[in-house]
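The values are calculated or read from the model by the stated rules, or taken from the named source; none is laboratory data. None of these values were measured; they are calculated from a predicted model. In this analysis, Cβ positions are derived from the backbone assuming ideal geometry, glycine residues included, and neighbour counts consider all displayed protein chains.
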Amino acid sequence: MDFGYDARTEELLARLTAFLDEHVYPAEPVLTAQLADPARDRWSIPPVIGDLQREAKRRGLWNLFLPGELGAGLTNLQYAPLAELTGRSIQLAPAALNCAAPDTGNMELLAQFGDEAQRKQWLEPLLAGEIRSAFAMTEPEVASSDATNIETRIERDGQDYVVTGRKWYITGAMNPDCRIFIVMGKTDPAADPRRQQSMILVPRDTPGVTVRRGMTVFGYDDRDHGGHAEVVFDGARVPAGNLIGEAGSGFAIAQARLGPGRIHHCMRAIGIAERALELMCRRVGARVAFGRPLAAQGVIQDWIAESRVRIEQARLLVLKTAWLMDTVGNRGAHTEIQAIKIIVPQTVEWILDKAVQAHGAAGVSQDTPLAHLWAGNRTLRLADGPDEVHRRSLARRELKKYQEA
């Protein structure tokens with residue numbers, strides 16, 4: 001395995017670093033001010049993100065996440081260090097590059113499984129950054145980490161499908177620019193458990209679709225990227241042509257979507273850890289307690305050393321996973337994808353915790369990004385499957401080697 005960056009990656013890293021330094025980091029206080037402006041629509045995307053998107057397009061830093069001719073054509077290994085950089089300014093940088101979830105996963109899904117009409121109507125405006133989208137899978141009444149539990153119904157009625165169900169924590173759905181939902185539900189509850197589900201495109205303005213309320217995450221409403229919503233589908237009727245793929249293919253499509261999504265989250269999370277470590281080092285170098293800088297305290301030095309070690313370990317595992325996805329495919333990298341999904345959020349959570357501790361009261365305040373970063377990162381241990389589900393699956397796969405022997 002060679003994890004050295006090729007010439008194209010190095011060139012993009014230099015361009016992206018300059019973009020962050022010159023435009024993104026200076027825009028962070030602007031974002032804060034715009035989010036606090038009572039005159040603007042609470043859930044609309046702040047204007048500063050549009051400004052950054054125009055500059056990112058001008059610099060050729062657009063749709064870097066998407067392989068093939070529709071995107072930048074990068075491999076997972078090429079994209080990994082770029083995604084990590086965007087994690088350093090998680091509220092602004094991914095959105096500025098049109099590389100923010102859930103749109104990234106939805107664009108990948110439509111590029112891989114959508115038909116020509118679906119790609120024309122929905123993928124093209126998403127690639128252009130003209131609209132936003134949401135992925136409606138999680139339900140409040142069932143353990144949605146097991147997709148076979150999904151209760152939302154997608155029922156055929158003549159030339160239409162009728163969608164009925166309740167979803168929640170649907171990221172981006174509070175944003176008025178979110179025009180399309182990709183909804184997962186059951187078309188045939190009597191089929192094999194992994195052939196019951198389908199995915200269908202439901203426009204936001206479809207009668208029967210109600211965005212009921214915004215959901216908070218540890219008290220944060222995440223307005224910067226359109227919040228998280230509870231959405232009710234009450235007999236929402238859409239044309240049969242809105243079905244993605246064939247009936248019963250929803251489970252397989254979900255697995256294909258979640259693999260890249262999981263590694264992208266982990267790539268960005270390493271950038272969050274680097275930002276947290278930087279903030280911690282700056283704080284302890286400047287803060288004096290009991291007659292000397294905090295940086296002189298042995299326990300602080302231990303936190304810093306341990307943070308660096310953990311970041312390097314996590315990054316290497318993510319790079320190995322990216323390399324495997326490129327060389328043997330997502331199925332061949334299944335073990336590693338689960339491994340990074342388990343360890344990276346926990347590693348970043350530990351580093352954020354120490355950074356908060358080093359900042360004292362300021363660490364839990366709105367005066368640093370640490371509290372918000374901690375809240376967002378903590379949700380990764382639930383999003384795309386909780387830790388326990390991945391550990392169980394990983395252990396079973398490991399045990400199977402010896403059972404077969």
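Yes/no per residue for (1) closer than 30 Å to Gly360 by Cα; (2) among the small types (Gly, Ala, Ser); (3) modelled with pLDDT of 95 or more:
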site	(1), (2), (3)
Leu277	yes, no, yes
Gly291	yes, yes, no
Gln297	yes, no, yes
Ile300	yes, no, yes
Ser307	yes, yes, yes
Arg310	yes, no, yes
Gln313	yes, no, yes
Val328	no, no, yes
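Could you tell me which residue of segment 282-306 is farthest from Ala358 (Cα to Cα), considering only residues that are touching a helix residue (DSSP H, G or I) at 6+ places or on another chain (Cβ under 7 Å) and among the basic types (Lys, Arg)? Selected residue: Arg287. Search segment 245-259 for residues being part of a helix (DSSP H, G or I) and touching a Ser or Thr at 6+ places or on another chain (Cβ under 8 Å), and hand back the single one that is farthest from Phe113 (Cα to Cα). The selected residue is Phe251. If the condition is being more than 18 Å from the chain's Cα centre (by Cα), at pLDDT 95 or above, surrounded by fewer than 20 Cβ atoms within 10 Å (Cβ to Cβ) and not in a strand (DSSP E or B), then segment 193-222 contributes Arg195, Arg204, Asp205, Thr206, Pro207, Gly208, Gly219.
Out of all the residues in segment 13-45, which are in contact with a helix residue (DSSP H, G or I) (Cβ under 8 Å, 6 or more places away or on another chain), within 13 Å of Arg223 (Cα to Cα), free of Cβ contacts under 8 Å to residues at least 60 places away in the same chain and in a helix (DSSP H, G or I)? Please lay out each step first, then the result.
Of all residues in segment 13-45, those in contact with a helix residue (DSSP H, G or I) (Cβ under 8 Å, 6 or more places away or on another chain) come to 13, 16-17, 19-20, 23-24, 27, 30-31, 34-35, 40, 42-43, 45.
With the extra rule that they be within 13 Å of Arg223 (Cα to Cα), the set shrinks to 31, 34-35, 40, 42-43, 45.
Among the residues that remain, those that are also free of Cβ contacts under 8 Å to residues at least 60 places away in the same chain are: 34, 40.
Across segment 13-45, the qualifying residue is only Gln34.
Tell me, yes or no, whether segment 357-373 has at least one residue that is of a type outside the set (A, V, I, L, M, F, W, C), touching a residue at least 12 places away in the same chain (Cβ under 8 Å) and not in a helix (DSSP H, G or I). Yes, segment 357-373 has at least one match.
Does Asp115 meet the test of being within 20 Å of the chain's Cα centre (by Cα) and in the same structural domain as Thr32 (by TED's automatic domain parsing)? Criteria not met by Asp115. Checked against the criteria, Asn98 does not count as in contact with a Phe, Trp or Tyr (Cβ under 7 Å, 6 or more places away or on another chain), in a helix (DSSP H, G or I) and touching a residue at least 24 places away in the same chain (Cβ under 8 Å).
For segment 393-402, the condition holds for at least one residue, the condition being that it is under 21 Å from Thr138 (Cβ atoms), in contact (Cβ under 8 Å) with a residue 40 or more places away in the chain and either in a loop (DSSP other than H, G, I, E, B) or in the same structural domain as Ile337 (by TED's automatic domain parsing) (or both).
Just name the residue that is surrounded by the fewest Cβ atoms within 10 Å (Cβ to Cβ) out of those in segment 123-177 that are in a helix (DSSP H, G or I) and of a type in the set (A, V, I, L, M, F, W, C). Ranking the candidates gives Leu127 first.
In a helix (DSSP H, G or I), within 14 Å of Asp224 (Cα to Cα) and modelled with pLDDT of 95 or more - does that describe any residue in segment 71-81? Don't jump to the end; show me each part of the working.
Going through segment 71-81, the residues in a helix (DSSP H, G or I) turn out to be 76-81.
Filter once more, so that each one left must be within 14 Å of Asp224 (Cα to Cα): none.
There is no residue in segment 71-81 that is in a helix (DSSP H, G or I), within 14 Å of Asp224 (Cα to Cα) and modelled with pLDDT of 95 or more.
Counting residues in segment 46-55 that are among the acidic types (Asp, Glu) and either modelled with pLDDT under 95 or touching a helix residue (DSSP H, G or I) at 6+ places or on another chain (Cβ under 8 Å) (or both) gives one or more.
Evaluate the following for Ala295: is it touching a residue at least 60 places away in the same chain (Cβ under 8 Å) and either surrounded by 17 or more Cβ atoms within 10 Å (Cβ to Cβ) or of a type in the set (S, T, N, Q) (or both)? Please lay out each step first, then the result.
On the way: touching a residue at least 60 places away in the same chain (Cβ under 8 Å): no; either surrounded by 17 or more Cβ atoms within 10 Å (Cβ to Cβ) or of a type in the set (S, T, N, Q) (or both): yes.
It is false that Ala295 is touching a residue at least 60 places away in the same chain (Cβ under 8 Å) and either surrounded by 17 or more Cβ atoms within 10 Å (Cβ to Cβ) or of a type in the set (S, T, N, Q) (or both).
Just checking, how many residues over segment 101-112 are buried (at least 22 other Cβ atoms within 10 Å of the Cβ) and either outside the structural domain of Pro67 (by TED's automatic domain parsing) or in a loop (DSSP other than H, G, I, E, B) (or both)?
Filtering segment 101-112 down to residues buried (at least 22 other Cβ atoms within 10 Å of the Cβ) leaves 102-110.
Among the residues that remain, those that are also either outside the structural domain of Pro67 (by TED's automatic domain parsing) or in a loop (DSSP other than H, G, I, E, B) (or both) are: 102.
So the answer is 1.
Note on segment 223-244: among residues that are part of a strand (DSSP E or B) and among the acidic types (Asp, Glu), the one that is surrounded by the most Cβ atoms within 10 Å (Cβ to Cβ) is Glu230. The test for being in the same structural domain as Ala276 (by TED's automatic domain parsing), farther than 24 Å from Thr86 by Cβ and hydrophobic (A, V, I, L, M, F, W, C) holds for Val389.
Does Leu64 meet the test of being touching a helix residue (DSSP H, G or I) at 6+ places or on another chain (Cβ under 7 Å), of a type outside the set (Phe, Trp, Tyr), modelled with pLDDT under 95 and not in a helix (DSSP H, G or I)?
Working: touching a helix residue (DSSP H, G or I) at 6+ places or on another chain (Cβ under 7 Å): yes; of a type outside the set (Phe, Trp, Tyr): yes; modelled with pLDDT under 95: no; not in a helix (DSSP H, G or I): yes.
No; evaluated as a whole, the condition is false for this residue.
With respect to the conditions (1) modelled with pLDDT of 95 or more; (2) under 17 Å from Gly87 (Cα atoms); (3) crowded, with 17+ Cβ neighbours inside 10 Å, Trp323 falls short on a single one, namely (2).
Sub-9 Å Cβ pairs linking a first residue in segment 249-264 that is among the hydroxyl-bearing types (Ser, Thr, Tyr) to a second residue that is in a helix (DSSP H, G or I), at least 6 apart or interchain, are Ser249/Phe113, ordered by first then second residue.
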